[in-house]
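Single-structure report; data block below.
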Amino acid sequence: MFQSKTGVAALSIASNLTLTLAKLVIGLMIGSVSVMAEAIHSGVDLLASLIAYVAVRTSGKDPDDGHPYGHGKFENISGTIEGLLILVAAGLIVAEAVGKLTSGAHLPEVNLGLYVMAVSVVANTIVSRQLFKVARRTESLALEADAYHLTTDIATSAGVFVGLGIVKLTGLSVLDPIIALGVAALIVRAALDIAIRSARGLLDRALPNQE
């Protein structure tokens, strides 16, 4: 089931939906802006997964009178939209983190945050590997972009896990919004990369001379 483009895209949707809800609930419970930042990150990944699912279904259609060259560029469009969505998420994270820094809010118990970050790393590692595998075999830009999102999420979740561990050991709650700002910076980098690569396909740039 998870060897097809639509099957693995559906797997990504289910995984991202579960992680988004878990991070959001726990982030609100413990008052951690870094965990809520990760919830926003996973929420964007969920939107990206939904877009990728629609894109792979649409791009696989045969050429018709309205699209004589096929529907392949729907994947490029989806990748561009995904990049813009990630930029919006980064802005929300920065606003929340700055608010926490200025208010000096205290971070309570972080154990639940550590647990959900660990689960996120494991789940996204499994799903992203499958996405990359199918994306390479089918040459799907939409699935590749979705997999790239999840690899970024793995790195940020691991970073938040380490940060929360340091907060737990040292009691330095100011690290929580600082970590969130670091997550936002990584998200912006991923957004620009995805948007630029996807937009190039829409511009019909010439292939390199060796190709």
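The values are calculated or read from the model by the stated rules, or taken from the named source; none is laboratory data. What you see is a predicted model, and the numbers here were worked out from it, not measured in a lab. A quick note on method: Cβ atoms are made from the backbone with ideal geometry, for glycine too, and the neighbour counts reach across all protein chains shown. Calculation scope for accessible area: heavy atoms of the full protein, side chains included, ligands and nucleic acids excluded. Shrake-Rupley method; radii C 1.70, N 1.55, O 1.52, S 1.80 Å.
Observations on the model:
- Some residue of segment 110-121 being outside any helix (DSSP H, G or I) and more than 15 Å from the chain's Cα centre (by Cα): yes
- Selected residue [out of contact with any Lys or Arg (no Cβ under 8 Å at 6 or more places or on another chain), surrounded by fewer than 23 Cβ atoms within 10 Å (Cβ to Cβ), at pLDDT 75 or above and not basic (Lys, Arg)] from 101, 150: 101
- Selection over segment 1-38 of residues that are polar (S, T, N, Q) and more than 21 Å from residue 126 (Cα to Cα) gives a count of 2.
For (1) modelled with pLDDT of 85 or more; (2) of a type in the set (A, V, I, L, M); (3) open to solvent by less than 30 Å² (accessible area, probe 1.4 Å); (4) over 22 Å from residue 169 (Cα atoms), each residue gets a yes or a no:
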| site | (1), (2), (3), (4) |
| --- | --- |
| 58 | no, no, yes, yes |
| 80 | no, no, no, yes |
| 107 | no, yes, yes, no |
| 111 | yes, no, no, no |
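- Every pair of residues 6+ apart whose Cβ atoms lie under 7 Å, when the first sits in segment 1-30 and is over 25 Å from residue 54 (Cα atoms) and of a type in the set (A, V, I, L, M, F, W, C) while the second is in a helix (DSSP H, G or I) and open to solvent by 50 Å² or more (accessible area, probe 1.4 Å): 26/112; 29/112; 30/112
Each row is one residue, and each column tells you yes or no for (1) at pLDDT 85 or above; (2) closer than 25 Å to residue 56 by Cβ.
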| residue | (1), (2) |
| --- | --- |
| 2 | no, yes |
| 8 | yes, yes |
| 14 | yes, yes |
| 22 | yes, no |
| 35 | yes, no |
| 39 | yes, no |
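- Within segment 18-45, the residues that satisfy the criterion of being among the hydroxyl-bearing types (Ser, Thr, Tyr) and crowded, with 20+ Cβ neighbours inside 10 Å are 20, 32, 34, 42.
- Output for segment 7-40, where each listed residue is assigned to a helix (DSSP H, G or I) and not aliphatic (A, V, I, L, M): 7, 12, 15, 16, 18, 20, 23, 27, 34, 38
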